[in-house]
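Report on the following structure.
The values are calculated or read from the model by the stated rules, or taken from the named source; none is laboratory data. As the structure is a prediction and not an experimental result, all values here were calculated from the model. Please note: Cβ atoms are built from the backbone with ideal geometry, for glycine as well, and neighbour counts cover all protein chains shown. All accessible areas refer to the heavy atoms of the entire protein, side chains included, with ligands and DNA or RNA removed. Shrake-Rupley method; radii C 1.70, N 1.55, O 1.52, S 1.80 Å.
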Amino acid sequence: MEDIEDIVAAAGEPPGLRLPVVAGVGLKPRRKTMARRIGDGLNSSPSSQIPGTQIIYMKTFGCSHNQSDSEYMAGQLSAFGYAVSDNPDEADLWLINTCTVKSPSQSAMDTLISKCKNVNKPLVVAGCVPQGSRDLKELEGVSVIGVQQIDRVVEVVEETLKGHEVRLLSRKTLPALDLPKVRRNKFIEILPINVGCLGACTYCKTKHARGHLGSYTVNGLVERVRTVITEGVKEIWLSSEDTGAYGRDIGANLPILLKAIVAELPSDRSTMLRIGMTNPPFILEHLEEIAEVLRHPCVYSFLHVPVQSGSDSVLGAMNREYTVTDFRTVVDTLNSLVPGMQFATDIICGFPGETDEDFKQTVDLIKEYQFPQVHISQFYPRPGTPAARMKKVPSTIVKRRSRELTSVFESFSPYQGMEGQIESIWITEIATDGIHLVGHTKGYIQVLVIAPDTMLGTSTKVKITSVGRWSVFGDVLEFPKQTNKDNFLGNPTVETPSYPDSMRPAGMFKRSKLVLMHDADLWWTK
């Protein structure tokens, strides 16, 4: 283990528009062991000390890129023989994959770390927090692994279980795309196309962790797409800190990549592509080419484009490198060129220096476009960022603005008029009520249907029967041949679909008793 950069504890010493959901990789352990905890004085079976025989409890905070990292880490640990569990009590080691975007997620991480230390479990902290803030007091006495070292998670876990404290944070090359992977949802592949970004937003802590732009090659990404399609994946989510910046470090660009990926998608539309979050500056150059891809039958007509503020002066203070006019150009152009186009956007309320007039411009922008998804966040100063040194807007004003904008947003009825329409949907999830399946239209509108779980991973036609604020409800018109529609709908003894832990995706947000906002990319909170 001489290439582990730092082992700092001697052997035998114990290692030291809702809140974001904390989600664990959904593997149930193959067995239950009575392995001892490091530092305990209890007798243990010989197998409990053999690498690859222990149980690992995983928790993941943050965006879809983090979720993909966790899936890769779970895959490597499972391939080595470790059992990955959702149950912290039975685990021999905890692995927490962290997010540094906002204070609430880091506070939740701090709570979990404290709990782990209190129960004397070996701990590995991965992700953006240790990479961007390696000297945090909360990280003292625990092993840490950075965002670009996930391919060495087995080494770190093994050494931590021996009682060593490992710090593996130096950046080298990007992790390979063909590492073993355990998907949170077996039908959804979260595909990172690059790490880092080209921006320098004054409020952003993620840049400290993910660094400057580093793109995977087009050929490497296309090969990964080919592989996951053969594995039965039905949705491919492109994940990135800024999808639009893809390739600028390797002489490529996003349209080149998208066209290459689309060429690999099955012509029967059995696998759909969803383009990830993109900031306005870089896609401005490629709007017509992006529109062409979004019109493709196998690509969701949906894009997440954060605006953050409707005021140019605030955008300038944020160093967002675009204007409100630029944002309007992106939205207006794609709306005109892509039938049924749907957008999500983000707003930060109460950025330092934001005046009442600045906020009014933001409210007016949201009222004008009435986006179906607006992820509203109060400004949180992140340590080490320029914005943390700026004069803050009083918290009472920030909260008031957040409530006001939320009230405006929730007054919209974006799906009004869809009743009676016939839509094609792609079904990949089960709602937490255990009754409805969750599908999406070509515009990525969430549709809840009652259908057997054999329809997971399929596409079908539905008739929209009613609309809600966050999704619509539909009746399935086309059932698979093996499904007896009459028996399913009329026999009260038929079991409703269950929600296996191994298929529960990360980032699910409860909007009402039945309706979910489950997109892991779009997790901004009120």
ask   = Out of all the residues in the stretch 286-304, is one or more of a type in the set (Gly, Ala, Ser) and over 26 Å from the mean Cα position of the chain (by Cα)?
value = no
message = Quick test of your reading of the structure: Pro266 fulfils all but one of (1) in contact with a Pro (Cβ under 6 Å, 6 or more places away or on another chain); (2) over 26 Å from Thr323 (Cα atoms). Name the failing condition by number.
response = (1)
remark   = Note: among Phe379, Phe359, just one is among the aromatic types (Phe, Trp, Tyr), out of contact with any Ser or Thr (no Cβ under 8 Å at 6 or more places or on another chain) and open to solvent by less than 40 Å² (accessible area, probe 1.4 Å), namely Phe379
ask   = Are any residues in the stretch 325-356 open to solvent by 50 Å² or more (accessible area, probe 1.4 Å) and of a type outside the set (A, V, I, L, M), and if so, which ones?
value = Thr325, Arg328, Thr329, Asp332, Asn335, Ser336, Pro339, Gly340, Gly353, Thr355, Asp356
task = Would you confirm whether any residue within the stretch 168-183 is open to solvent by 30 Å² or more (accessible area, probe 1.4 Å) and small (Gly, Ala, Ser)?
result = yes
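Hey, could you check the stretch 31-68 for residues that are within 27 Å of Met277 (Cα to Cα) and open to solvent by 10 Å² or more (accessible area, probe 1.4 Å) and say which is modelled with the highest pLDDT?
Only one residue fits best here, namely Lys59.
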query = Can you name the number of the only condition in (1) part of a loop (DSSP other than H, G, I, E, B); (2) touching a Pro at 6+ places or on another chain (Cβ under 9 Å) that Glu429 fails?
reply = (1)
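Results for (1) open to solvent by less than 40 Å² (accessible area, probe 1.4 Å); (2) at pLDDT 95 or above; (3) within 30 Å of Leu365 (Cα to Cα), shown as yes or no for each residue.
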site	(1), (2), (3)
Pro414	no, no, yes
Ser424	yes, yes, no
Ile427	yes, yes, no
Ile435	no, no, no
Gly439	yes, yes, yes
Val447	yes, yes, yes
Thr460	yes, yes, no
Gly468	yes, no, yes
Ser471	yes, no, yes
ask   = For the stretch 382-403, how many residues meet the condition of being under 27 Å from the mean Cα position of the chain (by Cα), surrounded by 16 or more Cβ atoms within 10 Å (Cβ to Cβ) and either modelled with pLDDT of 95 or more or aromatic (Phe, Trp, Tyr) (or both)?
value = 3
query = With respect to Gly199, is the statement that it is closer than 30 Å to Ala317 by Cβ, touching a helix residue (DSSP H, G or I) at 6+ places or on another chain (Cβ under 9 Å) and either open to solvent by 10 Å² or more (accessible area, probe 1.4 Å) or modelled with pLDDT under 85 (or both) true?
reply = yes
message = Can you tell me which residue is most open to solvent (accessible area, probe 1.4 Å) among those in the stretch 244-276 that are of a type in the set (A, V, I, L, M), under 30 Å from Gly457 (Cα atoms) and not in a helix (DSSP H, G or I)?
response = Ala263
Test result for Asn279, within 27 Å of Lys391 (Cβ to Cβ) and open to solvent by 10 Å² or more (accessible area, probe 1.4 Å) = yes
request  = May I ask you to list pairs of residues, at least six apart or on different chains, whose Cβ atoms are under 6 Å apart, with the first in the stretch 389-403 being within 17 Å of Gly310 (Cα to Cα) and the second being in a helix (DSSP H, G or I)?
outcome  = Arg401/Phe359
request  = Please work out which residue is farthest from Phe409 (Cα to Cα), limiting yourself to the stretch 436-472 and to residues that are among the hydroxyl-bearing types (Ser, Thr, Tyr) and under 24 Å from the mean Cα position of the chain (by Cα).
outcome  = Thr458
